[in-house]
Structures are given as C-alpha cells and as structure tokens.
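J.: Got a structure here, written out as structure tokens. Questions coming.
The values are calculated or read from the model by the stated rules, or taken from the named source; none is laboratory data. Quantities reported herein were computed from a predicted structural model and do not represent experimental measurements. Please note: Cβ atoms are built from the backbone with ideal geometry, for glycine as well, and neighbour counts cover all protein chains shown.
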C-alpha cells in the first residue's frame, strides 16, 4: 500500500510503502544451502540489468512481486534457478536489451552466445515494432 505523508515539523511531503509481513521466505541455492529471500537484492539485480533503459520502476516492482508470490506459493522456499528463469522471462517481456544484459551475466554468456541470443530475438523485436 502506498501512502503520501507529511512531516508535522517541517511539512515535507514523502511517500511510504507498506507490505504485509508474511512467512519467512528462503532461496535454495545451487549448492543446496538456503538463504533468506531478499527483495532488495533481487530488485537491485533487475535494476542493474535495465540501467539506462526505458524500463518503468513499476514494471520491475511487479516482477519482484510475482517472484515473491511464487516463493510463497512454493511453501516459502524457491530455487535460485527458478528465480533466475522468472527474471529472464519477465525482462524479456519488459525490455529485450535488459533481458540480454541479465542473460549475459546470469548465464555467463560469451560474445558468440550473446550474438546467437540477439539473433533469436531479432525476429521477435521486428514483430513488436
């Protein structure tokens, strides 16, 4: 929930965001270890991928919310690989350059792999224009 507030001392206006505090969520890493689900860390990775791209903050927030909801539905634990794939799918719909940047880091793509992925995206890009 978003609320606009005003400081009673200086009358400065600001926005606060409230979320329901649900169960503790965890990420299952590839090595089998668990760590707490961190919205800020996830959001930061998506923001880095979409840096200097025309990606709305709301679109990134919606993607983070979908991933968090998937973790809740999975019983409070979600695999890191599942998060990565959901990020890729979401970014592909939002902005294909951001998708490529995320894929290059997440999948550790070399130049030839990036070129191949760009070639696969080219027909899709021309359809969307």
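J.: Testing residue 3 on (1) in a strand (DSSP E or B); (2) surrounded by 13 or more Cβ atoms within 10 Å (Cβ to Cβ), one condition comes back false. Which one is that?
T.: Exception for residue 3: condition (2).
J.: Also: Within the range 99-114, which residues are surrounded by 15 or more Cβ atoms within 10 Å (Cβ to Cβ) and modelled with pLDDT of 85 or more? Write out each step before concluding.
T.: Filtering the range 99-114 down to residues surrounded by 15 or more Cβ atoms within 10 Å (Cβ to Cβ) leaves 99-104, 106, 109, 114.
Listed by number, the residues that qualify are 99, 100, 101, 102, 103, 104, 106.
J.: Go through the range 48-71 and give me each residue that's surrounded by 15 or more Cβ atoms within 10 Å (Cβ to Cβ) and either in a helix (DSSP H, G or I) or at positive phi (or both).
T.: The answer is 49, 59, 60, 63, 64, 67, 68, 71.
J.: Same structure, new question: Identify all residues within the range 24-41 that are surrounded by fewer than 10 Cβ atoms within 10 Å (Cβ to Cβ) and more than 13 Å from the chain's Cα centre (by Cα); write none if there are none.
T.: Step one: of the range 24-41, the residues surrounded by fewer than 10 Cβ atoms within 10 Å (Cβ to Cβ) are 24, 30-32, 36, 40.
Correct list: 24, 30, 31, 32, 36.
J.: Of the residues in the range 51-85, how many are touching a helix residue (DSSP H, G or I) at 6+ places or on another chain (Cβ under 7 Å) and farther than 26 Å from residue 28 by Cβ?
T.: Count: 3.
J.: Something else about it: Just to be sure before I move on: is residue 78 part of a helix (DSSP H, G or I), surrounded by 12 or more Cβ atoms within 10 Å (Cβ to Cβ) and within 20 Å of the chain's Cα centre (by Cα) in the structure I sent? Working first, answer last.
T.: Values: part of a helix (DSSP H, G or I): no; surrounded by 12 or more Cβ atoms within 10 Å (Cβ to Cβ): yes; within 20 Å of the chain's Cα centre (by Cα): yes.
For residue 78, the condition - part of a helix (DSSP H, G or I), surrounded by 12 or more Cβ atoms within 10 Å (Cβ to Cβ) and within 20 Å of the chain's Cα centre (by Cα) - is not met.
J.: Kindly indicate which of 117, 11 is out of contact with any strand residue (DSSP E or B) (no Cβ under 7 Å at 6 or more places or on another chain), modelled with pLDDT under 95 and in a helix (DSSP H, G or I). Quick ask: steps written out before the conclusion?
T.: Details: 11 fails: in a helix (DSSP H, G or I).
Unique residue meeting the criteria: 117.
J.: Could you check the range 96-112 and list, in sequence order, the residues that are touching a helix residue (DSSP H, G or I) at 6+ places or on another chain (Cβ under 8 Å) and either in contact (Cβ under 8 Å) with a residue 24 or more places away in the chain or part of a helix (DSSP H, G or I) (or both)?
T.: Initially, the range 96-112 is screened for residues touching a helix residue (DSSP H, G or I) at 6+ places or on another chain (Cβ under 8 Å), giving 96, 98-107, 109.
Within the range 96-112, 96, 98, 99, 100, 101, 102, 103, 104, 105, 106 meet the criteria.
J.: Which of the numbered conditions does residue 44 fail, given that it passes all the others? Conditions: (1) over 17 Å from residue 93 (Cβ atoms); (2) surrounded by 14 or more Cβ atoms within 10 Å (Cβ to Cβ).
T.: Every listed condition holds for residue 44 apart from (2).
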